[in-house]
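S.K.: Just dropping this structure here.
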Amino acid sequence: QVQLEESGGGLVQTGGSLRLSCAASGGGFSSYVMGWFRQAPGKEREFVAAIRYSEINTYYADSVKGRFTISRDHAKNSGYLQMNSLRPEDTAVYYCALSNLEDWVTMIGAYKYWGRGTQVTVSS
């Protein structure tokens, strides 16, 4: 059974940066598409970014394109989300997830395993 644990969230001022990490255990990490999603209070969970095996294949929501970078380290069974130029509207709980479907990388329903999330708060 795959388990995911996010870390790296916190409180940051507008314009600041954070790097989220996602540690995977249980095996098979490299065979999955990894995604990051977020959920703000009172809103639905939404896609942020995804990466296939290689960093050549990355996908971003329009709202974070150019500010966030997704990456993964297969040797460490870990994934990352570097978040720069943060804005108050980026405030949310951020979740990492794994999918065994090569397509539908932006779709919540495609992801089989989820972490518990890490809180990111951006103050204005």
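Every number here is computed from the coordinates shown, using simple stated rules; none is lab data. What you are looking at is a predicted structure, and each value in this text was computed from that prediction instead of being measured. Backbone-built Cβ (ideal geometry, glycine too); neighbour counts: all protein chains shown.
S.K.: Run the dipole for the chain about the Cα centre, Lys and Arg Cβ at +1, Asp and Glu Cβ at -1, nothing else charged, and hand back the magnitude in debye, nearest 20.
M.R.: Using Cβ point charges on Lys, Arg, Asp and Glu, the chain gives about 140 debye.
S.K.: Could I ask something else about it? Relative contact order for the chain using alpha-carbon pairs under 8 Å, separation at least 6, rounded to a whole percent?
M.R.: Values: 312 pairs, mean separation 44.3, N = 124.
RCO, the chain: 36 percent.
S.K.: Still on this structure, please answer the following. Can you tell me the alpha carbon radius of gyration of segment 44-84 divided by the globular rule-of-thumb value 2.2 N^0.38 Å? Please report the intermediate quantities before stating the final value.
M.R.: Details: Rg = 10.6 Å, N = 41, 2.2 N^0.38 = 9.0 Å.
Here the answer is 1.17, to two decimals.
S.K.: Find the percent of Cα-Cα distances in segment 1-67 that exceed 14 Å, and round it to a whole number. Intermediate results must be reported in sequence, preceding the final value.
M.R.: Details: 1538 of 2211 pairs.
Of all Cα-Cα distances in segment 1-67, 70 percent exceed 14 Å.
S.K.: Right, next: By average Cβ neighbour count within 10 Å, what is the ranking of 67-78, 51-62 from highest down?
M.R.: For the peptides 67-78, 51-62, the packing ranking is 67-78, 51-62.
S.K.: Can you return the lysines within cross-link range of LYS43? Criterion is Cα-Cα under 26 Å, with same-chain partners fewer than 8 residues away left out.
M.R.: Candidates past the 8-residue exclusion: LYS65, LYS112.
S.K.: Can you compute the modelled spin-label distance between LEU11 and TRP104, with each label point 7 Å from Cα toward Cβ, in nm?
M.R.: Label at LEU11, label at TRP104, 4.0 nm between them.
S.K.: Write down Rg/Rh for the chain, rounded to two decimals, with Rg from the C-alpha atoms and Rh from the Kirkwood relation over Cα pairs.
M.R.: 0.94
S.K.: Further question on the same structure: When the Cα centres of segment 11-39 and segment 108-124 are compared, how far apart do they sit, in Å?
M.R.: Using only Cα atoms, the two centres lie 8 Å from each other.
S.K.: So for segment 84-123, averaging the separation of alpha carbon pairs under 8 Å that are six or more residues apart and normalising by length, what relative contact order in percent results?
M.R.: 54
S.K.: Using a Förster radius of 25 Å, what is the FRET efficiency between ALA23 and SER124 based on their Cβ-Cβ separation? Nearest 0.05, please.
M.R.: Efficiency for this residue pair is about 0.20.
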